[in-house]
Structures are given as structure tokens and as C-alpha cells.
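Engineer: Submitted below is the structure of interest, expressed as C-alpha cells.
The values are calculated or read from the model by the stated rules, or taken from the named source; none is laboratory data. What you see is a predicted model; the values in this text were computed from it and never measured. Please note: Cβ atoms are built from the backbone with ideal geometry, for glycine as well, and neighbour counts cover all protein chains shown. Heads up: the accessible areas ignore ligands, DNA and RNA and are worked out on the full protein's heavy atoms, side chains in. Shrake-Rupley method; radii C 1.70, N 1.55, O 1.52, S 1.80 Å.
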Amino acid sequence: MNRIINIIKKMQLLAGNSGHRIEEVIYSANSSKTSKTILWVSVVTFFFLALLFLNILTPLISDDFAYLYIYGEEGRISSLSDIVTSQINHYYMWGGRSVVHFIAQVLLLLPSYVADLLNAAVYMAYIWLIYLHVKGRGKNSLNLFILVNLAVWFLQPVLSDTVLWITGSANYLWGTLLVLLFLLPYRLYNGGKTTTVMSIILSPTLFIGGIVAGWTNENTAAAALVVGVLFLFYYKYKEWKLPLWAFSGLAAFFIGYLIMILAPGNFERAGESSLNLMTIAFRIFNCTLMIFRYCGPCVLVAAAGYIFFRHYGEKDVKEEGYSLSAIYAIAFLTAVYVMMLSPSFPRRALFGAVSYIIIGAGILIYNTGAKSRLVKNIRSAIIMVGLLCFFSTIYVAYKEISIYRNIIDEREALIKEAKDTGKTSCEFERFDGGTYIHGEDPFSGELMSRHYGITIELK
């Protein structure tokens, strides 16, 4: 490890004074409260508008066409009561993610511009929650907020499936937001005495919120249960009083989780499938492979954070930093390996897991190098290069999504022409998707046929 640090120091010398100039540019805004506020608002607005732009550009695709309708029926959703009916059907026929699929159908019911605004706002709220989990009760840091934005953008494996695709964003982005929001009081608790009024507010709020958050996503919620329990052990280790709301919240979360996984629809889909030793061994191997294939950069960032924290971490928070980071690292592993109970492991299911490891690594990085010019220069350089790369990838995303949007426009013109001439079917090339746009699934043709009122075949 010392050899690695020496190499990094040599890189700093090669950089000369350029790193120092970058540092001065980034930290210059800290001179006054007004400039801080302006910079914060500018950064938040920039990232919000970037995501809003991509949300507006992204058309409906795949499952979106299914959730436009009452599940298991032919009628199109037109009210909240229709969505309730749809989710009751969904619970008994398909699966227990009622909360997130309710959100998906609400988004699809709303005017598209409202849904796009909400989705972009929730993305920023998700970023803010990761930021809060990282810093805890520490000082605000614009650099940290920017790093969190860049980490999510570059380390999440499939943003197309989890952030921009409406059905996918409801399942993963919105679901993870609810889980992180539920866990936030556990992260912020510092052993202080909880007043009677605060206890009265927190206990029922976390009980209701726990049921909702536990009823969101199987692997992310399972890991959240582990996080909650580990925080209780952490409080015990610190000799803090164990608050009542922490127990009631976890109990409610577990209730919500049971409601989700015990849905009759889950057993309907499972059919005759069963677990045996060979199946479990294969799935464990597959889970490990998913980490190496899609989470490698996350693991490297976490490893780098650990190395720098070990050498440059603030001495008064080292024990706390290791402990808190370990809680989220265990959550990452839990969210990955609990998928061995599932017959499939799509990349989008890593969204919650990667969120946990970003927090774990972030805790180490946030508490590293307050007085080290080396660490400050490296952090500043990463921010500057990262922002340049972010600009570039936004353009790539725009080009990629535009390709599919143009395909949809061409298809709709051909569908209208086919209907006008009395044809009963249309045949199109299946769109396989890309880095920033979800692809068309095997059943997309059937779903689009109902929506457009003509048989659509995708070859």
C-alpha cells in the first residue's frame, strides 16, 4: 500500500502546480455565504436539467405499454381506482412489488411532462439521500455532492433501465429512494436523547414508512433490513440508548417485506421450480460473476477509498468511518447474494447494491484528507475530469435515445398508413437498446399491438 501511495505522490509532482490551481478554482467559492449558495443552486440545477432533458427525450418502451392498462384486464387506466384494481390483480397474478408498480402506473397516467419533471426531481432526491448517508451529521460539501452525482452516473450499470425508463425507474430509482429515506434516521442517530414529542412523531412515521419501504424491491429491501440490524449493534457498541422508533421501524419494514415476497403472484410465476445444492452453488457463482462484470469499478473505488482513508483519514473519526463504511459494504454484498434465491439476475437489480457501496466508499472518502494537499488535488482533478466526461456522455445519451425516438416516429407513421389502407399487421425490426435506452423485450410486440390497435410483429 505504501508503494501505491508513493506512486500517487510522484503523479502529483508531475502535475506541478496545475492541481493546486484546480483546487483554488473549486474552493474559491467558499469565501462567502452568497457565493456558496449560488454555486450550490447552479450545480443542483445543472444536474437536474441534464436528467430532465434525457427524461423528456425518452419515449415509452417495453413494460410501459403493459402498465398503461389495468393489469389482467383490457381497460386502460384512467383513475387512481383503476390503478388500485390493477395492483390487486398484479399482486395475485404476477408479483408483490405493489408500491413501485403503483408509482409506475401513476407516472404513466400523468401527462408526460409532469412524469418527466417528477422523475428528474426524484433522481436528485435520490442523489441527495446518498449524500446525506455519506456525510451523516458532518459539514456540507459541494465537492462531495458533485462526486456523488458523478459516482451514480458512471458506476450504476444500467441507467437506461433504472433511471430513464419509466417502469424501471419506478421499480429501482423510486424504490431505492424510499429505502434510503427510511434508513436515514438510523444513519443520523448519534445517541442523543430523543424528546417525547420527537418519539411520538418518529415511531408512527417510521412504522408507516417502514411498511411502504419494505414493500418495494426484494434485494434492496433485504439489504436494508441488514443495515437496520447492524445499526442497532453499532448503537450498542457505542453504548448509546436504543430508541423505540428504531425497533418499530424495523418491525414495520419486515412486515412490508413479507407482504411483498409472500404475494400469491410470486408463487404462480415460480411454478414447479425448486432449489437444490447444485442450483444454489451455480447462483452463488453467478452472483459473484455479476460483481466482477458490472461492479468492478465500484469495488476499485471502494478499495481506493480504503487506502486513502487508512493513510490520510481523520484520526478522530477512523473507528467510526470503518464501522459505518462496513455496514454499507455488507449491505452491498447482501443485496447481491440474496439474488441467489431468484432464478434470474438482471443487471438493473444491482441498482440498490451499487447505491450501498457508493455510500460505503463515500464515507471513507468524505473523511479523508482535510489537511492533505495530495488528496485535495486528486479530488479536485477527479471532479474536473468527471464533469467533462459527464458533458460528453450526456451528448452520447442524447444521440442514442434520439435514434430510438426517431424509430418510434417512423413506426407510428407506418402504423397510421397501415390502418388507413386496411392492413391488419405491421412488421418492424426489434430495437435491442443501448447504454442509455432500454431495449424491446420478447413480449413488446404483443404489448404494442394492444396499444396501437394493430398487430405488431418484431423480428
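Engineer: Please give the residues of the stretch 60-101, grouped as numeric ranges, whose backbone N is less than 18 Å from a label point set 7 Å along the Cα-to-Cβ vector of L258.
Structural biologist: Answer for the stretch 60-101: 96-98.
Engineer: In straight Cα distance, which lysines are under 23 Å from K459, not counting same-chain residues fewer than 8 positions off?
Structural biologist: By straight Cα distance, K459 reaches K416, K419, K423.
Engineer: Mind grabbing the accessible area of T196 for me, 1.4 Å probe, Å², rounded to tens?
Structural biologist: 110 Å²
Engineer: If you don't mind, there's one more thing I want to ask. If r is the Cβ-Cβ distance from V41 to S344 and R0 is 35 Å, what FRET efficiency results, to the nearest 0.05? Spell out each step's value before the answer.
Structural biologist: Details: r = 43 Å, r/R0 = 1.22.
Computed FRET efficiency for V41 and S344: 0.25.
Engineer: Using the alpha-carbon atoms, what tilt in degrees (0 to 90, nearest 10) does helix 373-420 show relative to the longest principal axis of the chain?
Structural biologist: With rounding to tens, the tilt is 10 degrees.
Engineer: Lys/Arg Cβ at +1, Asp/Glu Cβ at -1, dipole of the stretch 45-135 taken about the Cα centre: which of P111, T58, A121 is farthest positive-ward?
Structural biologist: So the residue we want is A121.
Engineer: Label the stretch 73-139 by shape, choosing from rounded, prolate and oblate, from the square roots a ≥ b ≥ c of the eigenvalues of the Cα gyration tensor; if a/c is under 1.5 it is rounded, and otherwise prolate applies when a/b is larger than b/c, oblate when it is not.
Structural biologist: Working: a/c = 4.56, a/b = 1.93, b/c = 2.36.
Here the stretch 73-139 falls in the oblate category.
Engineer: Let me ask something else about it. Find the relative contact order for the chain and round it to a whole percent, using C-alpha pairs within less than 8 Å whose residues are 6+ positions apart. Could the numbers behind the result be given before it?
Structural biologist: Values: 598 pairs, mean separation 95.4, N = 459.
So the answer I get is 21 percent.
Engineer: Determine the distance separating the Cα centre of the stretch 33-107 from the Cα centre of the stretch 329-363; give it in Å without decimals.
Structural biologist: That distance is 22 Å.
Engineer: Near K33, which lysines are there with a Cα under 24 Å away, not counting those fewer than 8 places off in the same chain?
Structural biologist: K135, K139, K371, K376
Engineer: Let me ask you something else. Between helix 33-57 and the chain, what is the angle of the helix's C-alpha long axis to the longest principal axis, kept within 0 to 90° and rounded to the nearest 10?
Structural biologist: For helix 33-57, the angle is close to 20 degrees.
Engineer: Right, here's the next one. Report the relative contact order of the stretch 91-171, percent, no decimals, based on alpha-carbon pairs under 8 angstrom and at least 6 residues apart.
Structural biologist: Working: 38 pairs, mean separation 34.5, N = 81.
Once normalised by length, the contact order is 43 percent.
Engineer: Same structure again: Of the listed values (i) 48, 26, 21; (ii) 72, 24, 22; (iii) 39, 29, 21, grab the one calculated as semi-axes √(5λ) of the Cα gyration tensor in Å from the structure here.
Structural biologist: (iii)
Engineer: Roughly how much of V396 is accessible, in Å² to the nearest 10, using a 1.4 Å probe?
Structural biologist: That residue has around 70 Å² of solvent-accessible surface.
Engineer: Moving on. Given H placed 1.01 Å from N in the peptide plane, which residues other than close sequence neighbours of E457 have an amide H under 5 Å from its amide H?
Structural biologist: Hits under the 5 Å cutoff: C426, E427, F428.
Engineer: Accessible surface of E446 in the full protein assembly, 1.4 angstrom probe, to the nearest 10 Å²?
Structural biologist: Here the accessible area works out near 140 Å².
Engineer: While we're here: For the stretch 340-459, what is the relative contact order in percent, using Cα pairs closer than 8 Å and at least 6 residues apart in sequence?
Structural biologist: On the way: 64 pairs, mean separation 21.5, N = 120.
After rounding, I find 18 percent.
Engineer: Then there's this: Quick check: at a probe of 1.4 Å, how many percent of the accessible area of the chain sits on carbon and sulfur atoms? Intermediate values should be presented prior to the final figure.
Structural biologist: Values: 14510 of 22370 Å².
The C+S portion of the solvent-accessible surface of the chain is 65 percent.
Engineer: Hey, for a label at E319 modelled as a point 7 Å past Cα toward Cβ, could you say which residues of the stretch 184-209 have their backbone N under 18 Å away?
Structural biologist: Under 18 Å, as judged by backbone N against the label point of E319, lie 190-192 of the stretch 184-209.
Engineer: OK, next. Taking Cα atoms, how many degrees apart are the long axis of helix 112-135 and the longest axis of the chain, rounded to 10 and kept between 0 and 90?
Structural biologist: 30 degrees
Engineer: Okay, which of the stretch 322-365 sit inside 19 Å, backbone N to the point 7 Å along the Cα-Cβ direction of F282?
Structural biologist: Counting only backbone N, you get 337-347.
Engineer: Only four residue types carry charge here, +1 at the Cβ of Lys and Arg and -1 at the Cβ of Asp and Glu. Report the dipole size of the stretch 141-241 about the Cα centre in Debye, rounded to the nearest 20.
Structural biologist: Working: 5 positive and 3 negative charges, 94 e Å.
Approximately 460 debye in magnitude.
Engineer: Treating only the Cβ atoms of Lys and Arg (+1) and Asp and Glu (-1) as charged, compute the dipole magnitude of the chain about its Cα centre; round to the nearest 20 debye. Each step should come with its number before you reach the end.
Structural biologist: On the way: 37 positive and 30 negative charges, 517 e Å.
Roughly 2480 debye, rounded to the nearest 20.
Engineer: Give the aspartates and glutamates whose C-alpha is closer than 20 Å to that of K238, dropping any in the same chain fewer than 8 places away, or say none.
Structural biologist: List returned: E314, D316, E319, E320.
Engineer: Something else: Rounded, prolate or oblate: pick one for the stretch 161-317, where a ≥ b ≥ c are the square roots of the eigenvalues of its C-alpha gyration tensor, a/c under 1.5 means rounded, and failing that, prolate if a/b is larger than b/c, else oblate.
Structural biologist: Working: a/c = 1.91, a/b = 1.19, b/c = 1.61.
Oblate shape, in that a/c is at least 1.5 and b/c is the bigger or equal ratio.
Engineer: Further, regarding this structure: Whose amide H sits under 5 Å from the amide H of Y69, counting only residues 5 or more places off or on another chain, with H placed in the peptide plane?
Structural biologist: For Y69, the qualifying residues are I77.
Engineer: Run the dipole for the stretch 270-358 about the Cα centre, Lys and Arg Cβ at +1, Asp and Glu Cβ at -1, nothing else charged, and hand back the magnitude in debye, nearest 20. Can you show the working numbers first?
Structural biologist: Working: 7 positive and 5 negative charges, 61 e Å.
For the stretch 270-358, the charge dipole is close to 300 debye.
Engineer: Pulled fully out, how much extra length does the chain show between R450 and R430, if you take 0.36 nm times their separation in residues and subtract their Cα-Cα distance?
Structural biologist: Working: separation 20, 0.36 × 20 = 7.20 nm, distance 1.70 nm.
Stretched fully, the R450-R430 segment lengthens by 5.5 nm.
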